[in-house]
1. Pick from A:243, A:228: which is part of a helix (DSSP H, G or I), at pLDDT 90 or above and out of contact with any helix residue (DSSP H, G or I) (no Cβ under 9 Å at 6 or more places or on another chain)?
2. Looking only at strands (runs of 3 or more DSSP E) that lie completely in region B:144-232, which have at least 2 residues being touching a helix residue (DSSP H, G or I) at 6+ places or on another chain (Cβ under 7 Å) and crowded, with 21+ Cβ neighbours inside 10 Å?
3. Could you tell me which of the residues A:183, A:203 is within 14 Å of chain B (Cβ to nearest Cβ) and closer than 21 Å to residue A:268 by Cα?
4. Please enumerate the residues belonging to region A:88-114 that are assigned to a loop (DSSP other than H, G, I, E, B) and either in contact with a helix residue (DSSP H, G or I) (Cβ under 6 Å, 6 or more places away or on another chain) or surrounded by 10 or more Cβ atoms within 10 Å (Cβ to Cβ) (or both).
5. Return the residues of region B:182-209 that are under 15 Å from residue B:51 (Cβ atoms) and out of contact with any strand residue (DSSP E or B) (no Cβ under 6 Å at 6 or more places or on another chain); say none if nothing qualifies.
6. For region B:14-129, list the strands (runs of 3 or more DSSP E) that sit wholly inside it and hold at least 2 residues that are over 25 Å from residue B:219 (Cβ atoms); which are they?
7. Looking only at region B:114-137, how many residues end up being free of Cβ contacts under 8 Å to residues at least 12 places away in the same chain and crowded, with 21+ Cβ neighbours inside 10 Å?
8. Determine which member of the set B:161, B:166 is under 21 Å from residue B:46 (Cα atoms), more than 14 Å from chain A (Cβ to nearest Cβ) and out of contact with any strand residue (DSSP E or B) (no Cβ under 6 Å at 6 or more places or on another chain).
């Protein structure tokens, strides 16, 4: 602590460097968590369209309707009759003439099934189940959209993890270097301390404190940066959200996540110190 | 202090506090600093080591503090074989030695008082106890009124006395001084040697290397003379 305070400017700069390095993946993480939250709200109406065979009778339709409603994972079942579908098609601009040329209604009866959760796995499973119902001609799952969002989120997650791994290296390197410089500055004191009976543990300890402390300060800086960024972004989002009549707001980093970041940064600082101390104190020993 | 008691215990078994037998020290490149050196020092002795520069005086003293290790042979200090000592044990050996270095190794980023405090801080003494002992040591070398001064502001003789205060603050059984009078004029040198004699008189074993034969003529102490790594 004394050493940290002895050179406040350099220490602050180091903390900021570590902070920026940590803020990037941390910001990515927060953004991703928010996107996931948002995506869940957006795509809960994952749907499956069920088209019946043309010869399906009224009782067939009732039976299928009953079976669909009884399937776990299904929240809403909407029947779209062939006449209704045709009327809808006629209302679509440019389609009325095409429909008029048809000798008779080519459209089948259909159901639109809404799923409880936005899970590609569930969508696939239900698609199979519904396909096996009698008088069902064709099932089309709108799971492509679900899958796309899901894989995009996976992509984002992998990116954040990679970034975090990469920048963790940076943090370890920064600490390594800080401790190296500190050891060089205190070289005389270290050499003398060894000569007057200081144990290795005694000499190493303050460097570990310094490294871990620097990590904690860096983590704190990252936390503050991310919270500030969320605050600023939210101001813009409020404007955007009122335009679209939606309620979009980025959730800040929770206390648990924040403390986890601090612990992680301290651990990385400790690791950097360990590497630096092992290497450089050994060098002093040899000379 | 429990650490001290083992020291006394082991010295009572072996009469010699320092003992070299057939010690060789070769440096990488083949240079032999010490060749077949054997001698022993009894507790409470005061021994001068003389010889030209490069004769091996510093190397010999460094072997006592395990600052360097012998290439072959045995170095016993207080009954412990220093030449084969485990690395982890070395700090505890050094706590019983008062080392005075040729290049002084004073820290110029802190006061004279803090320099003397260092050996006690390193061994985990309470601050109050350490401060009392540091002042006593400074008083013994006549620097009590300069305790706030930075070592850079002290004269050559005062710096050397500060080194002695730092070496004796741990109340070592053995004082090892490498050329303590090298850069001092005669009066200061005499005062320094006199100081070592007073420590010796209260039972501390003292080893001093010097190429200055004035104190030797004056005190007529035991003298070990090194000539190109050989003990004459």
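1. Values: A:243 fails: at pLDDT 90 or above.
Just a single option satisfies the conditions, and that option is A:228.
2. Counting at least 2 such residues, we get B:174-178, B:205-209.
3. Details: A:183 fails: within 14 Å of chain B (Cβ to nearest Cβ).
Of A:183, A:203, the one residue that is within 14 Å of chain B (Cβ to nearest Cβ) and closer than 21 Å to residue A:268 by Cα is A:203.
4. A:92, A:102, A:105, A:106, A:107, A:108, A:109
5. B:182, the sole residue that qualifies.
6. Answer list for region B:14-129: B:18-26, B:32-41, B:72-77.
7. So the count comes out to 1.
8. On the way: B:166 fails: more than 14 Å from chain A (Cβ to nearest Cβ).
Being under 21 Å from residue B:46 (Cα atoms), more than 14 Å from chain A (Cβ to nearest Cβ) and out of contact with any strand residue (DSSP E or B) (no Cβ under 6 Å at 6 or more places or on another chain) holds for just one of B:161, B:166, which is B:161.
The values are calculated or read from the model by the stated rules, or taken from the named source; none is laboratory data. Please read all numbers here as calculations on a predicted model, not as lab measurements. Every residue, glycine as well, gets a Cβ built from its backbone with ideal geometry; the counts of neighbours run over all protein chains shown.
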